[in-house]
1. Less than 14 Å Cβ to Cβ from Val114, Lys/Arg counted +1 and Asp/Glu -1: what total charge do the surrounding residues give?
2. When a/c is below 1.5 the answer is rounded, else prolate if a/b is larger than b/c, else oblate, so apply that to segment 96-198 with a ≥ b ≥ c taken from the square roots of the Cα gyration tensor eigenvalues.
3. Expected output is a single nm value to one decimal: the length gained when fully extending between Ala28 and Asn123, i.e. 0.36 nm times separation in residues minus the C-alpha distance. What is it?
4. Once phi is turned into θ = phi - 60°, what whole-Hz ³J(HN,Hα) does the Karplus curve with 6.51, -1.76 and 1.60 give for every residue of segment 39-56, x standing for Gly and Pro?
5. Give me the percent of accessible area attributable to carbon and sulfur for segment 55-133, probe 1.4 angstrom.
6. Heavy-atom accessible area per residue, segment 14-167, 1.4 Å probe: how many Å²?
Amino acid sequence: MTTVWAYIIAFGMQIAPVTCGNVPYPPAAVVGGTVVTVLDVRNGSVDSAEVLHGDEPFLAPARQALLSWVFEPSANKKLLAVTVFRTPHFFSQGPGRWNLEMEVQRPGIPAPSVLSEPAYPANAAGNGTVALQLKIDRLGKVAEAAVLKPLGALTRPCVDAALSWQFRPARAADGRATDSDVLAICVYRAPLTANPRE
């Protein structure tokens, strides 16, 4: 587990310190995928992680890891967590892109509509997890991104990818679009030397 001290006051929500462990990459996976969950944070602990969308074999590792995350003891909130597992190869036609059609949107929670996976820089090495806090504006665009858990040279590509994501904005009880916060998680595995899509 890694403890990250990051006070995100600009986002209107203090979520730090945060203890967030790595999300494991399933060893048999040769292409990337996504998992979208709503975390119910109560008294700083993740009480439940409701999966809204997910690709196998990524569901169980993402959900299990997120349930172990710990927030500030005063944190009581439902948060959207979007986890992207980057395709583990160097030789790519370009980053993967997912157009999501979420059947149900929870009140006060944005819904991702377009996600892209981060690049894997040629000078990078290794695997692990990058965690970000995103501010989603009333138009569903990512207005800000703050790093909660860095991973060396793999951090910037995660930020760049997350800034391109698109959401249906969160809605207040009266139907008005509102700003919201999202946890973005990029999971990397050291690249394979051949392209598994060929």
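1. Values: positive: Arg97, Lys141, Arg168; negative: Glu101, Glu117.
Once positives and negatives cancel, what remains is +1.
2. Values: a/c = 3.05, a/b = 1.89, b/c = 1.62.
Note, shape of segment 96-198 comes out prolate.
3. 31.7 nm
4. Each residue of segment 39-56 in turn: 8, 9, 8, 10, 6, x, 10, 7, 6, 7, 10, 8, 7, 9, 7, x, 10, 7 Hz.
5. Working: 1950 of 3630 Å².
C and S atoms contribute 54 percent here.
6. Value returned for segment 14-167: 43 Å² of accessible area per residue.
The values are calculated or read from the model by the stated rules, or taken from the named source; none is laboratory data. The structure displayed is predicted, hence computed values, not measured ones. Because the Cβ atoms are built from the backbone with ideal geometry, glycine has one as well, and the counts that use them run over all protein chains shown. Side chains included, ligands, DNA and RNA excluded: accessible areas come from the protein's heavy atoms. Shrake-Rupley method; radii C 1.70, N 1.55, O 1.52, S 1.80 Å.
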